Amino acid sequence: MDHRITDLDVYLFNGGTHYEIYNKMGAHLTREKGKDGVYFAVWAPHAVSVSVVGDFNEWEPEENPMEPVGKSGIFDLFIPGVKKGDLYKFAIETKKGDILFKADPYGNECQMRPETASVVTDISGYQWGDEPWQQDKRSACTLERPMSIYEVHLGSWKKDESGENFGFRTYRDLAGELADYVNYMGYTHVEFMGIAEHPFDGSWGYQVTGYYAPTSRYGSASDFMYLVDYLHQRGIGVILDWVPAHFPKDAHGLGRFDGEPVYEHPDPRKGEHAHWGTYIFNYESLQVKNFLVANALFWIEKFHVDGLRVDAVASMLYLDYGRQDGEWVPNKDGGNKNYEAIEFLKHLNSIISRRAPGAVMIAEESTAFPMVSRPPEDGGLGFTYKWNMGWMHDFLEYMKTDPYFRQYHQDQLTFSFSYAFSENFILVLSHDEVVHLKCSMINKMPGDLPDKFGNLRAAYGFMMAHPGKKLLFMGQDFAQFREWSEERSLDWYLLDNEPANRQINNYVKDLLHLYKGHPALYEQDCHEGGFEWINGADAQHNMLTFCRMTKDKKRCLLFHFNFSPVTYEKHRVGALCPGEYRQIFTSDAKEYGGSGQFPLVNLKASGTPWDFKDYSLVIDVPAYGVVAFEFDFVNPIKNRLRAGTKIVSRKLGCKKYVPKE
């Protein structure tokens with residue numbers, strides 16, 4: 001590959017369509033005129049001059065001045081003798097005569113914080129072994145496959161107790177243990193928080209200074225490749241959190257890169273998040289959009305990740321996000337939608353779907369913006385999935401309510417079903433819900449400790465049965481009592497020392513394997529044909545019942561939920577059809593911490609109408625119980641409605657019959 005910036009490179013970059021610009025920008029080991037060295041290129045359109053400084057020239061700006069590439073705003077230089085591992089920065093002379101020392105925006109390795117220099121490296125030599133995984137991914141329909149995501153902060157999943165390397169373990173060191181745990185539990189994917197280089201641990205990786213560099217906290221770029229490769233070879237997908245919405249103001253980062261706004265919008269009303277203390281990318285700049293689109297492809301194509309969870313999408317979509325009146329600029333039509341950011345997201349997702357079949361793009365979007373997960377050609381943003389923040393908020397509010405008062409909040413359980421298929425959703429209980437005094441999942445639950453665990457079993461059971469893919473943050477699957485902190489390891493000792501925590505871990509494990517093993521729970525996740533109400537209106541008993549359906553109507557599932565501390569024996573519930581109902585799951589098993597008084601049973605639906613269905617079952621419902629039955633759907637005898645009646649309502653699965661007029 002010709003490493004030098006060409007006229008074609010400049011043309012494509014200025015047009016926003018150089019999707020492999022990272023092969024030219026940055027620092028690349030190469031050979032010129034018989035000498036080994038490094039080719040450097042950087043975009044600094046307002047700079048008077050740019051130099052490469054590093055430990056190879058005593059950090060002197062006069063030693064290695066770069067040459068402008070025409071009038072493109074790009075500067076480049078080949079320096080013989082520079083080698084892998086050398087430190088460098090760009091010394092940029094501004095129009096005011098200041099000298100700024102900036103890390104490489106396209107650099108592939110950075111110094112360990114608090115140091116801020118870029119590091120010359122080579123990411124081209126890794127030998128991948130995941131081709132079977134890649135082939136399967138390209139040919140699969142992700143919407144019809146199970147997706148249960150384990151959200152992980154690598155720095156605190158398991159720390160190095162010896163205290164070496166600031167307590168951080170390496171990508172390679174973590175690979176085996178992480179894969180073993182993920183497979184044991186039954187997750188299908190891992191989502192990594194904050195892998196791109198960032199200066200502050202407490203930002204969790206969401207304030208990025210090195211968009212093209214895996215953080216050096218856990219090793220090198222090739223070490224991160226090894227982790228991804230290892231997970232793929234163990235059958236585990238990899239998703240990265242990605243932050244194209246904003247970036248920090250650290251002096252060595254992208255902000256005011258050449259003394260003036262380059263990556264950020266020049267108008268602070270569009271270019272700064274005052275409440276976050278960050279800059280906002282300039283989505284009107286073709287070169288900035290090129291930087292971001294190429295970066296997304298970089299992680300997918302160079303590091304083989306299976307998708308990106310795009311952070312803070314809502315902040316991109318709205319010009320008035322986090323702003324008061326007078327602090328934002330309306331669009332050309334006088335509204336608050338950011339047309340340029342919307343167009344950027346459509347373009348981004350279109351390019352990724354074309355170049356990387358099978359890659360998933362996930363929007364963390366917290367508003368009711370329409371068609372987030374619909375194709376751009378149909379007017380959508382083009383994401384594969386959208387986080388279901390509405391479900392999360394309503395559901396957690398319901399679960400935090402004392403069971404006595406839940407009868408007045410049934411809509412917080414059922415409302416999400418009214419829009420469950422308006423987008424391709426992922427149900428999320430993420431890191432954001434267990435930090436900053438929000439309490440851990442177990443401590444959100446009301447009651448004494450047995451009640452808390454009972455409520456948590458009911459909560460996780462409901463989540464797994466509800467339409468939508470799933471995401472759980474690490475530590476939630478064994479009911480860690482403390483809020484999560486990036487400064488310490490998860491409380492793994494609970495699994496060895498506390499029976500209740502081991503039992504809830506067993507429970508989540510079996511739920512995840514139940515989810516993966518039953519197509520009814522994922523095959524029609526994004527289609528209304530995959531769901532049927534039985535009864536969502538039994539608020540008096542804190543109960544609801546529904547079915548999940550397969551395409552071929554075989555091995556469908558009926559779920560009944562009891563969110564009260566009361567046990568109900570011989571409780572009648574409606575059934576969709578006649579036939580055998582084979583109980584396959586109960587949350588009340590002793591190995592989960594339940595009473596164990598109700599063993600699994602097989603039942604036949606009787607012809608007794610109930611819940612406005614023509615058939616029914618009589619079941620035992622434990623306190624805080626989740627019970628599941630498998631059945632093969634058969635069409636009931638038609639025209640079973642009583643003569644002289646008509647259906648006037650099917651809300652929440654409850655039909656009402658009234659005489660014909």
- Task: Give me the pairs, please: first residue somewhere in segment 261-273 and β-branched (Val, Ile, Thr), second residue anywhere and surrounded by 15 or more Cβ atoms within 10 Å (Cβ to Cβ) and not in a loop (DSSP other than H, G, I, E, B), beta-carbon distance under 9 Å, and either six or more positions apart or on two chains.
- Result: VAL262/TRP43; VAL262/GLN287; VAL262/VAL288
- Message: Whether any residue in segment 312-324 is crowded, with 18+ Cβ neighbours inside 10 Å, in contact with a Gly (Cβ under 9 Å, 6 or more places away or on another chain) and either free of Cβ contacts under 8 Å to residues at least 12 places away in the same chain or small (Gly, Ala, Ser) (or both) is what I want to check.
- Response: yes
- Among PHE291, PHE344, which is the only one that is of a type in the set (A, V, I, L, M, F, W, C) and either without any contact (Cβ under 8 Å) to a residue 40 or more places away in the chain or within 17 Å of ILE362 (Cβ to Cβ) (or both)? PHE344
- In segment 124-143, residue farthest from GLU191 (Cα to Cα) [restricted to those that are in contact (Cβ under 8 Å) with a residue 40 or more places away in the chain and outside any loop (DSSP other than H, G, I, E, B)]: SER139
- Query: Is segment 526-535 home to any residue that is crowded, with 17+ Cβ neighbours inside 10 Å, in contact with an Asp or Glu (Cβ under 6 Å, 6 or more places away or on another chain) and not acidic (Asp, Glu)?
  - Reply: yes
- Among the helices (runs of 4 or more DSSP H) lying completely within segment 193-298, list those that include at least 1 residues that are among the acidic types (Asp, Glu). 221-233
- Query: Which residue out of GLY235, GLY186, GLY194, GLY167 is outside the structural domain of ILE21 (by TED's automatic domain parsing), surrounded by fewer than 23 Cβ atoms within 10 Å (Cβ to Cβ) and either touching a Phe, Trp or Tyr at 6+ places or on another chain (Cβ under 7 Å) or modelled with pLDDT under 95 (or both)?
  - Reply: GLY167
- Query: Taking the condition in a loop (DSSP other than H, G, I, E, B) and of a type outside the set (D, E, K, R), does PRO146 pass?
  - Reply: yes
- Item | Options THR401, THR384: the member that is farther than 22 Å from ILE239 by Cα and hydroxyl-bearing (Ser, Thr, Tyr) | THR401
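The values are calculated or read from the model by the stated rules, or taken from the named source; none is laboratory data. Computed from a prediction, not measured in an experiment: that's the story for all the values here. Here Cβ is always computed from backbone atoms with ideal geometry, including for glycine, and neighbour counts include all displayed protein chains.
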